[in-house]
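Taking it in order: structure first as structure tokens, then the write-up.
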Amino acid sequence: MITVYRNRRTVLTAKNEEVTRTLADPARMKIYRHVIAAAVAPQYPPRNYRLLAEIALGAIEKGRRPKKAAREAGLAGGWQQMAARGLTLDSLPAARLDSLKDLLDGEGLFARFSGGENGRLEVEVRHCIFREPPEGMDLVCSLHHSLVQGICESHLGKIGLTSQSGISKGGQNCRFLITLT
């Protein structure tokens, strides 16, 4: 059992339980347990199988192709991030780019950006959050491509996106070239 101490009175366990101890009577300590919403994820680098499952279930539920469901999930996550920061597609490009970087890093992609001139931006993703399943990596790479496309479109508008999947072939990163249209 993994235990993370928040403070003297509250303990967070690996079973998603928050245990609060009260010291009303030092001789008889009362313990209250309740399940909390946030999951404890003690893995590094992060894998996001919940997102992959949501994409798969969304595709099944709506009768859509998985790539379209992944793009829609990226768009939804990107729009949510933009709204939380009070941004629109009319906001300053630097603010939208900062939001995009924060979102990609928040998803665990460890993205590095370069370029930006002539309407082209290169994104180097140094971590694949869906990497584990060795069979079906082509499908996983296409879902990852569609997810990144949706996230980028939410922040940059209509784009062209090409990718080179390096991680699935044993490389250190995947590269995405964004062309603003």
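The values are calculated or read from the model by the stated rules, or taken from the named source; none is laboratory data. Just so we're clear, the structure is a prediction, and the values are computed from it rather than from any experiment. Please note: Cβ atoms are built from the backbone with ideal geometry, for glycine as well, and neighbour counts cover all protein chains shown.
Of all residues in the stretch 90-115, those satisfying the criterion of being farther than 14 Å from residue 78 by Cβ and touching a residue at least 12 places away in the same chain (Cβ under 8 Å) are 108, 110, 112, 113. Being in the same structural domain as residue 75 (by TED's automatic domain parsing) and assigned to a helix (DSSP H, G or I): is that true of residue 142 here? Against the criterion (in the same structural domain as residue 75 (by TED's automatic domain parsing) and assigned to a helix (DSSP H, G or I)), residue 142 qualifies.
Just to be sure, is residue 86 modelled with pLDDT of 85 or more and part of a loop (DSSP other than H, G, I, E, B)? Answer is yes for this residue.
Which residues, counting only those in the stretch 95-117, are more than 22 Å from residue 144 (Cβ to Cβ), modelled with pLDDT of 90 or more and among the small types (Gly, Ala, Ser)? 95 - this is the single residue of the stretch 95-117 that is more than 22 Å from residue 144 (Cβ to Cβ), modelled with pLDDT of 90 or more and among the small types (Gly, Ala, Ser).
Counting the residues of the stretch 48-71 that are over 14 Å from residue 145 (Cβ atoms) and in a helix (DSSP H, G or I) gives 12.
Consider the stretch 89-100 and keep the residues that are in contact with a Lys or Arg (Cβ under 8 Å, 6 or more places away or on another chain) and not in a loop (DSSP other than H, G, I, E, B). The one that is farthest from residue 153 (Cα to Cα) is 95. Could we say that residue 153 is at pLDDT 90 or above, surrounded by fewer than 18 Cβ atoms within 10 Å (Cβ to Cβ) and either at negative phi or not aromatic (Phe, Trp, Tyr) (or both) here? No; evaluated as a whole, the condition is false for this residue. Looking at the structure I just gave you, is residue 168 polar (S, T, N, Q), more than 18 Å from residue 50 (Cα to Cα) and at pLDDT 85 or above? When the stated conditions are applied, residue 168 does not pass them. Of the residues contained in the stretch 101-116, one or more are found to be assigned to a helix (DSSP H, G or I) and crowded, with 19+ Cβ neighbours inside 10 Å.
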